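To start, the structure itself, in structure tokens.
The values are calculated or read from the model by the stated rules, or taken from the named source; none is laboratory data. Just so you know, these numbers come straight off a predicted model, no measurement behind them. Quick reminder, even Gly has a Cβ in these numbers, built from the backbone with ideal geometry, and neighbours come from all protein chains shown.
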Amino acid sequence: MSEKAHTVALAGQPNVGKSTLFNLLTGMNQHVGNWPGKTIEQKVGSFTCNGNLYRLVDLPGTYSLTANSVEEIIARDFIIKERPDVVVVLLDAATLEHNLYLVAELLPLPAPVIVALNMMDVAEQEGLKIEPEVLEAALGVRVVPMIATKNVGTRELVAAIDQVVHNTDQYAPKRPEIRADHQQVLEEIEALIAGYVPEAYPQDWVALKLMEGDREITRLVREQMDSERWEKVHQVLRAHDDALVAVASGRYEWIGRMVRAAVTRPVAGQIGLTERIDRWAAHPLWGLVILAVILGLAFWLTYSIGTPLQGWLDSAVVGGLARLLSSLLASAPLWLQGLITDGAIGGVGTVITFLPILIIFFAILGLLEDTGYMARAAYVMDRFMHLMGLHGKSFLPLFLGFGCNVPAVMGTRVIESRRARLLTIMLAPLIPCAARMTVVAFLAPAFFGRAAALVSWGLVLLNLIVLALAGVVLNRTVFKGERAAFIMELPLYHAPNGRTIGLAVWQHCLAFLKKAGSIILAISILVWALSVLPSGDLDSSILASIGHFLEPLGRLMGFDWRLMVALLTSLVAKENSIATLGVLFGAGEQAGLPELMAANFALPTGLAFLVVQMLFIPCAASVAVIRQEAGSWQWALFNVALLLGISLAAGALTYRLAGLL
């Protein structure tokens, strides 16, 4: 990025469309990483306007700038210390009154603010009439009405950014003021801390934060002062312990004036679209039914669309490539032929056929997130979570596990209680991730034919039942404590943005292909090498020796040594089990792997393998993140032992019961 690039910070509460706007402005000119020293995701992109280059930084979604969470600290520290040229704060027009609190906290900071008033169409659906020009005059900052999902208002926002950046002398916001009866207290604190404010922090803002009892700011100021001077500040704060209320009420009075000036509310009794949908989607009973139907529909779409495409990729692309390379390497040494066709193509090629399934899954997940349904899923699951001593907020990181268990474990940071957070971390690997589901989607049709979708739905249900039972047992034995109340905001429903969903699918699939081209390729080649060394015969190879050592345990589930080796390699990445089987069975030469599996193993063995695969030890990346988030290897190893015991016991029981049918 050029040093001349202007920095734009994108702020806003969760579920206001920040990702959609970020993708609209930056397109493919973006990269994703982590904030320095944090596991919170950082997205940075760029765009141009009138020949000027702009660097757009997407700040974590936050309701305020008080140090109650890592996200809030990151957002405010970036604005204060990095001094962006402008802060674009995205608001949900349909819940304007609630969203303006963040604006009230941003205006006292030095960076110029632009208000992007998003979801104007949703506000209209709810019967609200908002006048952006009136709101702009009341706030004293630029206000740009938008419908980001339809790319409405994007050009106007970019033009406003360019104008504000090059005309900062005209920036004159009408900031909220503290309640009049505490104005003198604020001035007294400002006088006491003058000269002792940490560098880069505005003095008046620091004084406000001290009155609010902000722990981080209190610590920073205290470090700057000697004990005698700090005691004077502390005495003033202690004498006015209602100062927090005075600060907050001043902001709410300011918000009330803004809303009264610019918003016309619907006629009393008018029912909006969100309320009509939530009568069913958020219902204690029907909400669960709808959630189950949505999950069932996702599997049906996966099999009806993804499986034929997967079959075509397997036979036409992967199989064709294997045949082509075999002919080209006909005169090459046998070891090189095996390395390319059996090791690389047999392993990685088989895994690449997962792509249609991944595309469909991530598209469905993105659609649910982008419409606002995810919060309803958490709400209706609250009662289910309470059985385990958790609450609905734990469902949000757990649901992320359907994509990948790594962000699911990281997502537990939204849970305040240490006990609840640890319990959620222990349960997160029981959510079947996309990698596990692709293994199921790959093998289930071979064993169960048209019933594959129903079996897959049942396997997911089994995981959820095991998760619930494990949660109840762990809560009553290992984790003992009070369960917390559940408070969360249900955003209004809004139309999804195809560009945002498409970009998310692209990023997930690209990450998958990178893994296929690195980790899975390396494991596939290693598995192939172990399968031919030392004599070139599979049955006397090193891999066979490892498998035969584990085979007595595998017989309890109907597994031979090859299935045990496949499970073993899945510890690195779940997709490796398919890659390993592809190498061991020589898939892609005469027949596809699913057909070979069905020909070699009976239905009880196939079902037991899928059950174990769904419940087995998480991948190495997940174990590492569990260690990081839980704070010790003790918890990570406990999780490994727990899931190993559960998966093997469930596999053995499944094999016995299926054999009786």
Here are L490, L474, L553: which of them is touching a Lys or Arg at 6+ places or on another chain (Cβ under 8 Å) and either under 30 Å from A123 (Cα atoms) or modelled with pLDDT of 85 or more (or both)? L490
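Using the structure shown, decide if A160 is under 32 Å from the mean Cα position of the chain (by Cα) and of a type in the set (G, A, S).
Yes, satisfied.
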Apart from one, (1) under 23 Å from A434 (Cα atoms); (2) over 31 Å from the mean Cα position of the chain (by Cα) all hold for L567; the odd one out is (2)
Looking only at the stretch 300-342, filter to residues that are under 29 Å from the mean Cα position of the chain (by Cα) and hydroxyl-bearing (S, T, Y); which one of those is modelled with the lowest pLDDT? Y303
Restricting attention to the stretch 597-639, report how many residues are crowded, with 16+ Cβ neighbours inside 10 Å and without any contact (Cβ under 8 Å) to a residue 40 or more places away in the chain. 3
Residue within the stretch 97-108 that is out of contact with any Phe, Trp or Tyr (no Cβ under 6 Å at 6 or more places or on another chain), surrounded by 22 or more Cβ atoms within 10 Å (Cβ to Cβ) and of a type in the set (V, I, T) present: yes
What pairs come up if the first residue lies in the stretch 426-455 and is closer than 18 Å to T605 by Cβ, the second is among the hydroxyl-bearing types (S, T, Y) and surrounded by fewer than 23 Cβ atoms within 10 Å (Cβ to Cβ), and their beta carbons are under 8 Å apart, counting only those six or more places apart or on different chains? P445/Y303; P445/T307; A452/Y303; A452/T307
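Which of the helices (runs of 4 or more DSSP H) found entirely inside the stretch 123-206 contain at least 2 residues meeting this: touching a Gly at 6+ places or on another chain (Cβ under 7 Å) and assigned by TED's automatic domain parsing to the domain that holds V87?
By residue number, no helices (runs of 4 or more DSSP H) qualify.
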Every listed condition ((1) part of a loop (DSSP other than H, G, I, E, B); (2) more than 30 Å from R219 (Cα to Cα)) holds for T95 save (1)
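So for the stretch 218-229 (the condition being under 18 Å from F78 (Cα atoms) and touching a residue at least 24 places away in the same chain (Cβ under 8 Å)), does at least one residue qualify? If you could, list the steps in order and put the result at the bottom.
Residues of the stretch 218-229 under 18 Å from F78 (Cα atoms): 220.
Then drop every residue that is not touching a residue at least 24 places away in the same chain (Cβ under 8 Å), which leaves none.
No: the stretch 218-229 contains no residue that is under 18 Å from F78 (Cα atoms) and touching a residue at least 24 places away in the same chain (Cβ under 8 Å).
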Members of the stretch 631-655 found to be assigned to a helix (DSSP H, G or I), more than 16 Å from G401 (Cβ to Cβ) and under 22 Å from the mean Cα position of the chain (by Cα), listed by number: A636
Cβ pairs under 7 Å, 6+ apart or interchain, first in the stretch 161-174 and loosely packed, with under 10 Cβ neighbours inside 10 Å, second in a loop (DSSP other than H, G, I, E, B), ordered by first then second residue, are A172/G140
Under 25 Å from A138 (Cβ atoms), buried (at least 17 other Cβ atoms within 10 Å of the Cβ) and not polar (S, T, N, Q) - does that describe any residue in the stretch 221-231? no
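Within the stretch 433-442, identify whether any single residue is within 20 Å of R627 (Cα to Cα), at pLDDT below 90 and assigned by TED's automatic domain parsing to the domain that holds L610, and answer yes or no.
Kept after step one, since they are within 20 Å of R627 (Cα to Cα), are these residues of the stretch 433-442: 433.
Add one more test, that the residue is at pLDDT below 90, and what stays is 433.
Then drop every residue that is not assigned by TED's automatic domain parsing to the domain that holds L610, which leaves 433.
Yes, the stretch 433-442 contains a residue that is within 20 Å of R627 (Cα to Cα), at pLDDT below 90 and assigned by TED's automatic domain parsing to the domain that holds L610.
Looking at the stretch 544-564, which of the residues that are in a loop (DSSP other than H, G, I, E, B) and hydrophobic (A, V, I, L, M, F, W, C) is farthest from C433 (Cα to Cα)?
Kept after step one, since they are in a loop (DSSP other than H, G, I, E, B), are these residues of the stretch 544-564: 556-560.
Filter once more, so that each one left must be hydrophobic (A, V, I, L, M, F, W, C): 556-557, 559.
Numbers: L556: 26, M557: 23, F559: 23 Å.
Here the answer is L556.
Residues in the stretch 1-53 that are in a loop (DSSP other than H, G, I, E, B) and either buried (at least 19 other Cβ atoms within 10 Å of the Cβ) or modelled with pLDDT under 85 (or both): how many?
Filtering the stretch 1-53 down to residues in a loop (DSSP other than H, G, I, E, B) leaves 1-5, 13-17, 27-29, 35-40, 50-51.
With the extra rule that they be either buried (at least 19 other Cβ atoms within 10 Å of the Cβ) or modelled with pLDDT under 85 (or both), the set shrinks to 1-4, 13-17, 27-29, 35-40.
Residues in the stretch 1-53 being in a loop (DSSP other than H, G, I, E, B) and either buried (at least 19 other Cβ atoms within 10 Å of the Cβ) or modelled with pLDDT under 85 (or both): 18 in total.
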Have a look at A243, A261, A200, A239 and point out the one that is under 21 Å from K174 (Cα atoms) and among the small types (G, A, S). A261
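Assess whether A111 counts as being within 21 Å of E177 (Cβ to Cβ), part of a loop (DSSP other than H, G, I, E, B) and touching a helix residue (DSSP H, G or I) at 6+ places or on another chain (Cβ under 7 Å).
On the way: within 21 Å of E177 (Cβ to Cβ): yes; part of a loop (DSSP other than H, G, I, E, B): yes; touching a helix residue (DSSP H, G or I) at 6+ places or on another chain (Cβ under 7 Å): yes.
Here the answer is yes, as A111 does meet what is asked.
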Subset of the stretch 222-280 that is part of a loop (DSSP other than H, G, I, E, B) and either at pLDDT 90 or above or among the β-branched types (V, I, T) (or both) - its residue that is farthest from E188 (Cα to Cα): I271
Just the residues that are part of a helix (DSSP H, G or I), under 16 Å from A246 (Cβ atoms) and touching a residue at least 60 places away in the same chain (Cβ under 8 Å), please, taken from the stretch 207-217. L208, K209, E212
Every residue in the stretch 127-148 that is crowded, with 21+ Cβ neighbours inside 10 Å and not aliphatic (A, V, I, L, M), please. R142, P145
Restricting attention to the stretch 62-96, and to residues there that are of a type in the set (S, T, N, Q) and touching a Leu at 6+ places or on another chain (Cβ under 9 Å), which single residue is farthest from L208 (Cα to Cα)? T95
Could you please find all residues in the stretch 570-581 being outside any loop (DSSP other than H, G, I, E, B) and at pLDDT 80 or above? S577, I578, L581
